[in-house]
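This report concerns only the one structure given below.
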């Protein structure tokens, strides 16, 4: 049995095993870090784009809800007569963009309706536009409907 001192390298089969357990070179490590940096950079851009689309979708959903609410208000409130009406929604601006609305009420003519008798109710076309600014760009949502008003 051969004894080897702690400060000596083994000779023979042990020497081959020791030389095959080399680490990575500096170049290999740098290439690996570069590839990881490129991968995580691309992944970050995908997540950033997803967050931007989510924010845009949320503002669009809120605009649709506000437009439906304003359209219901116009339909129920008899004080909205023919002509243009506009205003801003009373929302907390610190939590998001400011939403504005503009509505146009136009009375249908008898020719457009294609009926002979007048009736007790008069139809109006309501064109409603909700506008807001998100991420530096102006956005809008349009909604049209028909309301009936007494003569």
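The values are calculated or read from the model by the stated rules, or taken from the named source; none is laboratory data. Remember, predicted model here, so these are calculated numbers, not experimental data. Cβ placement follows ideal geometry from the backbone for every residue including glycine, while neighbour counts extend to all protein chains displayed.
Each residue in segment 76-109 was checked for being farther than 30 Å from residue 57 by Cα and either modelled with pLDDT under 80 or outside any loop (DSSP other than H, G, I, E, B) (or both), and 4 pass.
For (1) in contact (Cβ under 8 Å) with a residue 24 or more places away in the chain; (2) surrounded by 10 or more Cβ atoms within 10 Å (Cβ to Cβ), each residue gets a yes or a no:
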residue	(1), (2)
59	yes, yes
65	no, yes
69	no, yes
75	yes, yes
79	no, no
84	no, yes
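Let's see how each residue does on (1) within 26 Å of the chain's Cα centre (by Cα); (2) modelled with pLDDT of 90 or more; (3) within 19 Å of residue 134 (Cα to Cα):
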residue: 12; (1), (2), (3): no, no, no
residue: 15; (1), (2), (3): no, no, no
residue: 18; (1), (2), (3): no, no, no
residue: 22; (1), (2), (3): no, no, no
residue: 26; (1), (2), (3): no, yes, no
residue: 37; (1), (2), (3): no, yes, no
residue: 42; (1), (2), (3): yes, yes, no
residue: 52; (1), (2), (3): yes, no, yes
residue: 63; (1), (2), (3): yes, yes, yes
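Set side by side, the residues 112, 73 differ, and just one is assigned to a helix (DSSP H, G or I), at pLDDT below 85 and within 24 Å of residue 127 (Cβ to Cβ), which is 112.
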